[in-house]
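All remarks here apply to the structure that follows.
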Amino acid sequence: MVSIATVRENNSAITGLYGSGLVAVFVGGTSGIGESTARAFIRSTQASRAYLIGRDQARAHQIIGELQQLNPDAQITFIRSDVSLLREVDEACRAIQQQEDKVNILFLSPGVGTMNGRDEIAAAFPHGIQGKNIIVTGVSPNSLGLATADAFASQSPANLILTGRSSEKVEASITSLRSKYPNIQYHALIMDLASQSSVRAAAAKLNQDDSIPTIDILVNNAGVMAIQALTLSEDGIETTFATNHLGHFLFTNLILAKIIKAARTSSTPTRIINVSSFGHQFSPVRFSDINFSKRPADLPADERPDFEKTEFFTGSSHSEDTYYGFFSYAQSKTANILFSIALNQRLWAKYGIASFAVHPGAVGTNINRHATPAEIEQAVKRVAELGLDASSKTPEQGANSSVLAAVDPGLSPVDDEVKGVYIADCRVDDANVAGFAKNRHVAEKLWALSEGLVQQKFEI
Ligand SMILES: NC(=O)c1ccc[n+]([C@@H]2O[C@H](COP(=O)([O-])OP(=O)(O)OC[C@H]3O[C@@H](n4cnc5c(N)ncnc54)[C@H](OP(=O)(O)O)[C@@H]3O)[C@@H](O)[C@H]2O)c1
C-alpha cells in the first residue's frame, strides 16, 4: 500500500503521484474533493484501476465517461454504496476484494460534510427527526438557520419551531418551507435574544403550549458578528455576548423541562446544539471585562485575546483596542463551546442529553453584514495561504454539521466532556478547539457568570 490518505481540505496528496498499474479506491469519489482527486489520479497515472464509491449512479457514469476520454487505458468502476450503512460498506469491500489482490491507494474523502444535497444527512438519520419536535433559532432567508430547518423539514418532524427577532423574516422562512413540506406544524416564536425579557416571554409561551410537550432537538444557531462599535443590550450587556451566548443560555434553561421530558421518552438522541465558530480561537471569555471596558493589555493573561492569530488573520493585533468586533464575536463563540461542556456535565450522565458546539465553515449568509469588506477579504486571503479551503459553503452545506450533531446517534461527548464536543465538517474536531474553550472549570465559571447576568440560578 502506497498511502492511506484522509484528505479533508485539499487534494495535494495525489497531485504529485505518478505511476502505472496502480489501484485506487475513492470513497466519496463521485462528488467534491473525492471526485477531483479521482480525476487527478486518472490524469497522472497509466493503466490504473480506480474504484469510485458513492451513491449517485448517474453522476458516476458521467464522470467515468469523461475520465475514460481523458485516459482510455484507465479502468474505472463505480460501486454504489451508502457508507453510513455497514452492510453496504461490507458489500463494497467484497466487490473490490474479488477483483483486486492489492489496493495501492485508499482515499477517504470528507464524507457528508461536503455533500451538496441539503437533505442527505437528515435522510441518513430519519428516525431522529420523524415525528419529533425541533427548535432552530435565528431563522431568516439565506441563513444557516433556514437551511438547518429545511434539512429537518425534509424528514417530517411533528413540530418545527422557528425563532427570530423579525416576525417578517420568520414568516417568510415558514412560507418557503411550507411550500415544499406542507405537512408539518410550523410555529413562529419571536424573540430578541439580546433582550432577557423577550427571551423569557418566548420561553413562557412555549412552556404553556401543551401541543408541544417535549423538545427533542434545540439548535441554538442565531448569531451576530463583528459589530463595529461597542453596543450594550437593554440589560446592559455587550450585544454580541448577550445575543450569541446569554440569550441562548437563558432560553435553553427556561425550556429545559421539555427537553428532559423528551430524553425520558425517546429512543433517539435528544440534543442541544450551539452553533459556534472557528473564530472562537481569537479570544477567551473575558470574565473580568465582559463589556469591553479595558485595554486587552490590562486583562489578566488568561483572558487576553490571541494577538498573534488576530494579527495574522486581520492584519492588526488590535492589542490597543478597548473594543474590537471580532474579539466580542470570539468571546461569544468561545462561550458557545463552554456552554456545551457545562450542559454535558449536567445532562449527559443523568439524562443522556448531549450538547455539541458546531463550526459550520465559511458560509455565504448575512453574517458579514457588520464586518468591513476589507476585513473579510484579508481573512479569506489568510485562510487560503494556510492551504485551507477558503471558498464559501452554501447555507445548505454549512448546515450539515449542525444537522449531523443533532441526529447522529454515534456521537457522544467523551468522559471528561472536553473532548468530542466540537464538530466541524461533520466530524469531531478536538484539534481546532482553543485551550481556553475546553476547560471544564472555565465552563463552570461561565455558567455561574451567566446565572448572575440573568439573575436566576438553574439547578439541574
Ligand atoms: N456564515 C458563516 O460563515 C459562519 C461561520 C461560523 C459560524 N457561524 C455562525 O452561524 C450562526 C448562523 O449565522 P448565519 O451565518 O446564518 O448568519 P445570518 O444569516 O446573519 O443569520 C443569523 C440569524 O440570527 C438572527 N439574530 C441575530 N441577532 C439576533 C437577536 N438579537 N435575536 C434573535 N435573532 C437574532 C438573525 O436575525 P436577523 O436577520 O433579524 O438579524 C438571523 O436570523 C451564527 O451563530 C454564526 O456565528 C456562521
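Structure data summary
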| read-out | value |
| --- | --- |
| Checklist (1) surrounded by 17 or more Cβ atoms within 10 Å (Cβ to Cβ); (2) among the charged types (D, E, K, R); (3) touching a residue at least 24 places away in the same chain (Cβ under 8 Å); (4) in contact with a Phe, Trp or Tyr (Cβ under 8 Å, 6 or more places away or on another chain) applied to D302, failing item | (1) |
| Which listed residue, of E385, E396, E375, is of a type in the set (D, E, K, R), surrounded by fewer than 24 Cβ atoms within 10 Å (Cβ to Cβ) and in contact with a Phe, Trp or Tyr (Cβ under 8 Å, 6 or more places away or on another chain) | E375 |
| Sole exception among (1) more than 17 Å from I423 (Cβ to Cβ); (2) touching a residue at least 60 places away in the same chain (Cβ under 8 Å); (3) surrounded by 16 or more Cβ atoms within 10 Å (Cβ to Cβ) for V363, by number | (1) |
| Test: residue in region 95-105 that is of a type in the set (D, E), away from the ligand (no atom under 16 Å from the Cβ), in contact with a helix residue (DSSP H, G or I) (Cβ under 9 Å, 6 or more places away or on another chain) and not in a helix (DSSP H, G or I) | no |
| Selected residue (only one of A226, A158 is of a type outside the set (S, T, Y), out of contact with any helix residue (DSSP H, G or I) (no Cβ under 7 Å at 6 or more places or on another chain) and either within 16 Å of the ligand (Cβ to nearest atom) or at pLDDT 95 or above (or both)) | A158 |
| Listing of helices (runs of 4 or more DSSP H) fully contained in region 325-438 that carry 2 or more residues being over 30 Å from S233 (Cβ atoms) and away from the ligand (no atom under 16 Å from the Cβ) | 325-351 |
| Neighbours by Cβ (under 6 Å, 6+ apart or cross-chain): first from region 48-63, more than 20 Å from L106 (Cβ to Cβ); second surrounded by 15 or more Cβ atoms within 10 Å (Cβ to Cβ) | D56/T30; Q57/R80; R59/T30 |
| Every residue from region 234-286 that is more than 15 Å from the ligand (Cβ to nearest atom) and in contact with a His (Cβ under 6 Å, 6 or more places away or on another chain) | T268 |
| Selected residue [out of contact with any Ser or Thr (no Cβ under 7 Å at 6 or more places or on another chain) and within 29 Å of R304 (Cα to Cα)] from L254, L230 | L230 |
| Spans of strands (runs of 3 or more DSSP E) in region 118-214 with at least 3 residues assigned by TED's automatic domain parsing to the domain that holds R264 and free of Cβ contacts under 8 Å to residues at least 60 places away in the same chain | 159-164, 185-190 |
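Each row is one residue, and each column tells you yes or no for (1) in contact with a Lys or Arg (Cβ under 8 Å, 6 or more places away or on another chain); (2) among the β-branched types (V, I, T); (3) not in a helix (DSSP H, G or I).
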position: Q228; (1), (2), (3): no, no, yes
position: D235; (1), (2), (3): no, no, yes
position: G247; (1), (2), (3): no, no, no
position: T252; (1), (2), (3): no, yes, no
position: S267; (1), (2), (3): no, no, yes
position: I273; (1), (2), (3): no, yes, yes
position: S293; (1), (2), (3): no, no, yes
position: A297; (1), (2), (3): yes, no, no
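The values are calculated or read from the model by the stated rules, or taken from the named source; none is laboratory data. All figures in this text were calculated on a predicted structure; none of them were measured in a lab. No Cβ is skipped: glycine too gets one built from the backbone with ideal geometry, and neighbour counts run over all protein chains shown.
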